[in-house]
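What follows draws every value from the coordinates through simple rules; no lab data is involved. This is a predicted model, so every value here is computed, not measured. Backbone-built Cβ (ideal geometry, glycine too); neighbour counts: all protein chains shown.
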Amino acid sequence: MTEHSARRRIVLVSIDPWRQNGDFRPFDYGLRRIAAAIAGSKCVADEWDVHVLSRRDEDVDALVRDIRSLGPDVVGFSTYVWSIRPFLEVAAKLSAEEPRPVMLFGGPSARPVSFAREPLRSLSKHVDGLVLGDGEEIIVDILGAGALDRASLAAIEGVAVLGPLGWRGAKRDVSAALDELPSPYQLGLVPREATAHLEIFRGCPLSCSFCQWGSYDGARTASADYLKRELEAIARVDASGVFLVDAGLNLNSRAFRALSEAEREVGLLASSSLHCELYPKYVRPEHLSLLASTKAHVGIGVQSTDAEVLRASERPCSDIGRMTDVIREVATVADVLLEVIVGLPGDSPDGIKTTVEWARSFGVSVNAYHCLLLPDALLDRAVLDSAFDYDPSTFEVRAAPGWSARALEETVTWLDTELAAASGMRLPGVWHFQRRQALKQK
């Protein structure tokens, strides 16, 4: 261990590849949540220094150098589908040298099923523990445990450890209310002039098979008083707008009321911008009113216009007529981005072409996403079903029920052609069609 101080040191690492688009400047909010949990804990804050290390690229050697320079006792990796492979390669390189830090993987891709295929399966041996689910309470328990060997980690509820019989460990029932979790904004642990990330509830009341928003009991909802403090703290860092990180602005009525009450007192959104998701089935006048009071950018997850495909995905859906009315109504008060998924199980090339053409007919922006097999979602099913195939590094679907590998490849070619004709933007796993006309009148 490189001697920097008598205190122990944890380095929290993320790869945040999202493009900065105008005033939308996202950052590694989830990692800052973990940093706040440590810094705000009476149990471990006096014993541990926390460093946050974030990159926008996947330069493994640069990450290893940066981590080594900080001399950590523990490295916590915030793992998503885009970062899990480079992080495993980083872990392998760190394991090859002394002193070797303890390496923990957390985040939505930190699940045993993520390592079902090579090359990730072999690389996963370098991971000392997986933090399963929400990590704020678990990381405090880990750092407060004293010993950090694998046997000690295995005794902590919510941590999975690799042994001779595979990964062993289960999620824990989370007890802390959102109001009780230390806030990275209120502790001053966020970058200035970035887009503020705001959480008003946790989890999602829906159970769409392709999604992994997390379990939901309705109880983990922020209060108006807490959100008032959050909005005031956000105002102090000169944020370039607010990004609601929840599954949807309108999926928790109690949380929405709390946000509305806090906003009436603080008035931050009225003088800024709001980026959020909106579920089309549950749009109400109060949601439109809040959106009209700010500079709103709204994503609406259509996914497919085929009701059977949506039902097979366990996604409640509106009829096309109702959805059409909602989109047009929302477009009068917000910039709208419609979101569809290419390669959903049960869909087809003709089906997704119909969906894309329907979405583009509104003149708003459209994102077509290559279907991902995510842990706690379709990946859990895919590893047991030979009808699925996927890229083991990117988790993009290669074949699925309704989709042969050839059919999916031909659909990708069609999308590339349509995108080029529309002068759109191709990003990894995303086809972005820009809006055709200005629908918003303000």
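Below are the figures for this structure:
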item	result
Average Cα contact separation per residue, the stretch 192-433, under 8 Å, 6 or more apart, as relative contact order %	16
R0 of 41 Å, Cβ-Cβ distance ASP23-GLU157: FRET efficiency to nearest 0.05	0.50
Charge sum, other residues only, whose C-beta stays under 9 Å from ASP246's C-beta, Lys/Arg counted +1 and Asp/Glu -1	-1
Full-extension gain in nm, ALA420 to ALA405, via 0.36 nm per residue minus C-alpha separation	3.1 nm
Relative contact order of the stretch 19-174, defined on C-alpha pairs under 8 angstrom at six or more residues apart (%)	19
Whole-Å distance, taken between Cα centres, linking the stretch 306-384 and the stretch 216-293	24
Relative frequency of Cα-Cα separations exceeding 16 Å in the stretch 347-390, percent	54
Whole-number D in µm² s⁻¹ for the stretch 1-84, Kirkwood Cα-pair radius fed into Stokes-Einstein, 20 °C, 1.002 mPa s	154
Mean ellipticity per residue at 222 nm, deg cm²/dmol - from DSSP H runs of n ≥ 4 across the chain, formula -39500 (n - 2.57)	-9000 deg cm²/dmol
Pairs of Cα atoms farther than 26 Å apart, the stretch 1-143, %	21
Column: log10 I(q)/I(0), Debye, Cα scatterers of the stretch 192-433, q = 0.07, 0.14, 0.15 Å⁻¹	-0.25, -0.97, -1.09
Packing rank of 363-369, 61-67, where each peptide gets the mean count of other beta carbons within 10 Å, highest leading	363-369, 61-67
Rounded D (µm²/s) - the stretch 92-194, Kirkwood Rh over Cα pairs, Stokes-Einstein at 20 °C, 1.002 mPa s	141
Whole-Hz couplings from phi, Karplus 6.51/-1.76/1.60, listed for the stretch 386-393; x for Gly and Pro	5, 6, 9, 9, 8, 6, x, 9
No Cys partner within the rule (Cβ under 4.7 Å), the chain	CYS43, CYS204, CYS276, CYS317, CYS371
Shape of the stretch 219-319, Cα gyration tensor, a/c cut at 1.5	prolate
Summed side-chain charge close to THR413 - residues other than THR413 whose Cβ falls under 14 Å, Lys, Arg +1, Asp, Glu -1	-1
Those GluC sites (Glu not before Pro) in the stretch 252-338 that DSSP places in a loop and that have at most 13 other beta carbons within 10 Å	GLU314
Convex hull volume of the stretch 378-442 per residue (C-alpha atoms, cubic angstrom)	136
Cα-Cα pairs of the stretch 281-403 separated by more than 18 Å (percent)	56
FRET efficiency, 1/(1 + (r/R0)^6) with R0 51 Å, evaluated for ALA176 and VAL60 via beta carbons	0.90
